[in-house]
Structure formats: structure tokens, C-alpha cells
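Here's the structure, in C-alpha cells; my notes come after.
The values are calculated or read from the model by the stated rules, or taken from the named source; none is laboratory data. Remember, predicted model here, so these are calculated numbers, not experimental data. For neighbour counting, all protein chains shown are included, and Cβ atoms are generated from backbone atoms with ideal geometry for every residue, glycine included. Ligands, DNA and RNA are stripped out before the accessible areas are found, and what is left, the full protein with its side chains, is counted by its heavy atoms. Shrake-Rupley method; radii C 1.70, N 1.55, O 1.52, S 1.80 Å.
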Amino acid sequence: MRLPLVLAAAALLTASVAHAETPAPSADQPLLRTIAADVDPKALESTIRSLVGFGTRHTLSDTQSNTRGIGAARRWAKARFEAISKDCGGCLTVETPAQTFTGKRAPNGVEVVDVLGVQKGTTDPGRVIIIAGHLDSRVSDVMDFTSDAPGANDDASGVAAVLEAARVLSKHKYAATLVFAVLSGEEQGLYGGKVLADYAKAQGWKVEADLNNDIVGNSRGQSGVMDNTHVRVFSEGTKAVETPEQANGRRYNGGEVDSPSRNLARYLDGLADRYLTNFDVVMVYRTDRYGRGGDQVPLLEAGYPAVRVTEAVENYDRQHQTLRTENGKVYGDKIEGVDFAYLAQVTRLNTVAMASLASAPAPPSGVKIEGAVSPDTKVSWTATPGAAGHKVWWRGTTDPTWRFSRWVPAGTGTTLKDVVIDDFFFGVSAVTADGWESPVVFPGAAGSFESVVPTPKQP
């Protein structure tokens, strides 16, 4: 009688560990606990108070004043990056890419300026890990650029996470490059994300991950429910840049829930389990909240893996609202709605993820599986620079996270005996000699982390 799939896979897992030539490196990374502990809720609060103090940060607001409007706010953000860089001996380069956009919410045209702090990697500087939050704010009328729009949670909370991540992470060095991105123009049309995506392309960055933090500081929902122990991570299921040919293969063989962005979400979930206290990731299988969007979308459209990080429960009375009180109910995105201890937990997740991704090898490339009409599955990949070995992962096709793994210390492939290709999904991660591990890569175009945007066919 054939064993149930899970029992068979578990038996194979035990056998594979027993017969491994060398043990897998320890996966525990004390540095990540140090980084998490360094996040300061008071620093987050200070940032948000400073940003709220600019009155409005609407994309169309004043750019000349030193005390009010988007111009003053972005110069303040630039100065913060410069101060952090000074503290780390010049480890950050501050860049301000800009574009001018005209659209429904910017009918007269507007220059959108992003402020970036770039910490160059030591050995793999072309590989880039991004954390982003948007600086601009709004009220009920998206075209009202003069009324006070404090934007304490949407999205001064995200900007605070970006700046605190820069302060904490700049104390250490990493193989890959870290980019701390303060964006503008989100409320007028996701323009800041577009500027960032275009700049990444122009610079030749190999973007491995974009962690877009938008609305991450509130722990009490509109219904009164409080949740300060979870954060949602939204991820696209299939790539925005998928070609028709790739879609046909994916529909037949699977991959709908294994885009690089979704495996990035799984990576964050695993890190929260191991390194954060009483704080967990809720993976949401959507690109964003229903019918809504964020600055991760232009990154996805450019072919880059990206997720949206958002608080577990939202209060819509505090989002996109003109400051007012009606029938005893207070509306508006004021600082009183921010839970700084909760925001610190979200920031810890981001910092731990960035440090782990930037210390690990690049995700494997060339991942393939073979095994049709066979009781065994062959998994292969291209050798990953900097990796001491690879882990082959598999899970049941309805399992949300990877369950079983085999350590392969050398070579570019392995055969999983008696693991039937029909019954499981497979993936491969790369691991350094000291245990830093990349996200898992699903086989083929559906799961590849390599950002290749298809070239339009010529007529």
C-alpha cells in the first residue's frame, strides 16, 4: 500500500538528512536579533512628528517654503539621510531622481522627486534590496493641496520605517546593496514608484526585493478590533510581465502562487517566526488591497519582485480624510492614530529581512524539474556565486509554505527518490557557508527572480 504523500515526503526528508555528505550550515543568525533590538520606537515617533509638522505634504503643494509642503519635507528627508551617512563614515550616497508627470490628478504637470539613501554592497553591489515608503499626503479631495494633510500613518509611518531602517542597517556591512527610498507622488498616480523603477533600470540594478511600506503604524481597526501582533504582506500571484507563452506553461504546470514576490512574502513570514517576538506575517494572496494600489505596482510592472507591507487592521476614518469632527466622530490621519510600539515591530521585520536578503547569495537561476512518468523527481539549477550549497524544497500543491527540504552541498542538481513530480511543488534556495539563505525559487519563468521585461514584438 502506498504511504500518504505527507508521510512519504517526511520519510524521504529523514533519509536525505541522514545520507547528506556534509551537514547544512546553521540557519541561526545572531546578527538579525541585534538588528531587531536596535530599532527605536522613539526615533520612529520623532520622524512622524517632524513630517506632520510640515502641515501638508501633498504632491502639488509648495516646493519653495522651508517649513510647509512637499519641498520642505523632501529636503528634510535628504538631510536625515545625510546625517545617517555622516554617522556611518559616509556609507550612504544620497540620490534624488526626478521626473515630471501630467495626468488626471496632476493636470498642470508636476515634478516628482524621490529621495534615496544608497548603501553599496561589499561584494555583490549590483544586486539591490529596497525598502520604500511614500512622503506625500492628501485629504478627502485628492486635488486639495492647501489644506492640512498630516498623513501620520499614510504614509509618514512608512517613511519613518525607511529612515529607521537606514539608521539601524548602516551600522553593518552586507554583500548586496541596500536602497532606502522615500518616494513622492503616490496619491496622485503611483508616480514615485515609477520614478524608482525607471531609475533602477537606468542604473542597471538587479532588484531582488522591494519592500513597500504603506500604512504600517495603526493597530486599532475601524470596527474597534485591535491587532498589534500581525502585519499583512501582499504579493502578486503571477508576474505582471508574464508573456502569453509563459502564461500557457504556468497554467498547465503550476506557478500561480509561486511568483518571486510570493516567495519573498514566504521568506518574510519565516524570518518573523524565527527572529521576532509575538509578531507574525499574514500573507495575503493579492497584489494589494482589493481595488487599491501602492508604489510596489510600478516595480512589479518593471519586472522586479515586490511586496506591500500594511498593518493588520485599517481605520478608514483616518485615511484620505479632511480633518474634521462630524456627529462626534473624528476624521483625519493625525499622529494620535499611530501605535509606535507596533510600528517598531513592523520596522524590525523590514530590517531583519533586508539584512538577511543582502547577506545571502542571490536566488538561484536556471531552476528546472524533470520526472514525468517517473517515481522520482530530478531538480537542477545553475551554480550560484557565493553559495556553499543549495537546499531543494518541496511542498504539497495546496500547502501555503515550503515544508520539506534536502541539503545539497555540492553540484547543480539532485534526484528526489520516490517523490512524484505530479504531487508536489518544488523550489531551490542558495546558502552561504555561514548559513545565510536566499528566498526559494520556483522552477521556470513563473518563479525566476531575474527581472526580464519582454520586448514588444515589432509589427
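Just to verify a result, which residue in the range 340-361, among those that are farther than 19 Å from MET283 by Cα and touching a Ser or Thr at 6+ places or on another chain (Cβ under 6 Å), is surrounded by the fewest Cβ atoms within 10 Å (Cβ to Cβ)? The residue in question is PRO361.
Is it true that some residue in the range 245-253 is farther than 30 Å from ARG33 by Cα and buried (at least 19 other Cβ atoms within 10 Å of the Cβ)? Break it down stepwise before answering.
Filtering the range 245-253 for residues farther than 30 Å from ARG33 by Cα gives 245-253.
Filter again for buried (at least 19 other Cβ atoms within 10 Å of the Cβ), leaving 250.
The answer is yes, given that some residue of the range 245-253 is farther than 30 Å from ARG33 by Cα and buried (at least 19 other Cβ atoms within 10 Å of the Cβ).
Scoring ASP114 on the criteria (1) under 19 Å from ARG49 (Cα atoms); (2) open to solvent by less than 10 Å² (accessible area, probe 1.4 Å); (3) within 27 Å of the chain's Cα centre (by Cα) leaves a single failure, condition (1). Within the range 173-232, which residues are assigned to a loop (DSSP other than H, G, I, E, B) and closer than 18 Å to ARG289 by Cβ? Correct list: LEU190, ASP214, ILE215, VAL216, GLY217, ASN218, SER219, GLY221, GLN222, SER223, VAL225, ASP227.
Scan the range 259-282 and tell me whether some residue there is over 20 Å from PRO439 (Cα atoms), over 12 Å from the mean Cα position of the chain (by Cα) and of a type in the set (Gly, Ala, Ser).
Filtering the range 259-282 for residues over 20 Å from PRO439 (Cα atoms) gives 277-279.
Checking which are over 12 Å from the mean Cα position of the chain (by Cα) leaves us with 277-279.
The next check asks that each one be of a type in the set (Gly, Ala, Ser); those that pass are none.
Scanning the range 259-282 turns up no residue that is over 20 Å from PRO439 (Cα atoms), over 12 Å from the mean Cα position of the chain (by Cα) and of a type in the set (Gly, Ala, Ser).
In the range 235-255, the residues that are more than 27 Å from ARG292 (Cα to Cα) never reach a residue that is of a type in the set (A, V, I, L, M) and in a loop (DSSP other than H, G, I, E, B) with C-beta atoms less than 7 angstrom apart, at least six apart or across chains. A single entry from PHE180, PHE145 fulfils the requirement of being under 21 Å from VAL297 (Cα atoms) and either among the polar types (S, T, N, Q) or modelled with pLDDT of 95 or more (or both): PHE180.
Yes or no, residue by residue, for (1) under 19 Å from GLU311 (Cβ atoms); (2) small (Gly, Ala, Ser); (3) surrounded by 24 or more Cβ atoms within 10 Å (Cβ to Cβ):
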site	(1), (2), (3)
LYS201	no, no, no
TRP205	no, no, no
GLY217	yes, yes, yes
GLY237	no, yes, no
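The conditions of being modelled with pLDDT of 95 or more, within 27 Å of the chain's Cα centre (by Cα), of a type in the set (Lys, Arg) and open to solvent by less than 40 Å² (accessible area, probe 1.4 Å) are not met by ARG403.
Figure legend. Inter-residue proximity from the range 324-342: first residues farther than 22 Å from VAL39 by Cβ, second residues surrounded by fewer than 11 Cβ atoms within 10 Å (Cβ to Cβ), beta-carbon distance below 8 Å, spacing 6+ or different chains. Indicated pairs: TYR331/THR325. Selection of the range 61-82 for residues being touching an Asp or Glu at 6+ places or on another chain (Cβ under 9 Å) and either outside any helix (DSSP H, G or I) or surrounded by fewer than 15 Cβ atoms within 10 Å (Cβ to Cβ) (or both) yields SER61, THR63, ARG68, GLY69.
Looking at the range 419-435, is at least one residue at positive phi and within 29 Å of the chain's Cα centre (by Cα)? Taking every residue of the range 419-435 in turn, at least one turns out to be at positive phi and within 29 Å of the chain's Cα centre (by Cα). Close Cβ contacts (under 6 Å, 6 or more residues apart or on different chains) running from residues in the range 139-160 that are under 12 Å from LEU343 (Cα atoms) and open to solvent by less than 10 Å² (accessible area, probe 1.4 Å) to residues that are assigned to a loop (DSSP other than H, G, I, E, B) and among the small types (Gly, Ala, Ser) comprise SER157/GLY217. Scanning the range 292-339 for residues that are of a type in the set (Phe, Trp, Tyr) and open to solvent by 40 Å² or more (accessible area, probe 1.4 Å) turns up just one, TYR316. When the range 88-99 is limited to residues that are over 22 Å from ASP198 (Cα atoms) and without any contact (Cβ under 8 Å) to a residue 24 or more places away in the chain, the one that is most open to solvent (accessible area, probe 1.4 Å) turns out to be GLY89. Scan the range 438-447 and give yes if some residue there is part of a strand (DSSP E or B) and either more than 20 Å from the chain's Cα centre (by Cα) or not charged (D, E, K, R) (or both), otherwise no. The answer is yes, given that some residue of the range 438-447 is part of a strand (DSSP E or B) and either more than 20 Å from the chain's Cα centre (by Cα) or not charged (D, E, K, R) (or both). A residue that is open to solvent by less than 60 Å² (accessible area, probe 1.4 Å) and within 19 Å of THR123 (Cβ to Cβ) can be found somewhere in the range 376-385.
Screening SER50, SER85 for residues that are in contact with a Cys (Cβ under 7 Å, 6 or more places away or on another chain) and either assigned to a loop (DSSP other than H, G, I, E, B) or touching a residue at least 12 places away in the same chain (Cβ under 8 Å) (or both) leaves exactly one candidate, SER85. Screening HIS230 against (1) touching a Phe, Trp or Tyr at 6+ places or on another chain (Cβ under 6 Å); (2) open to solvent by 40 Å² or more (accessible area, probe 1.4 Å) leaves a single unmet condition, (1).
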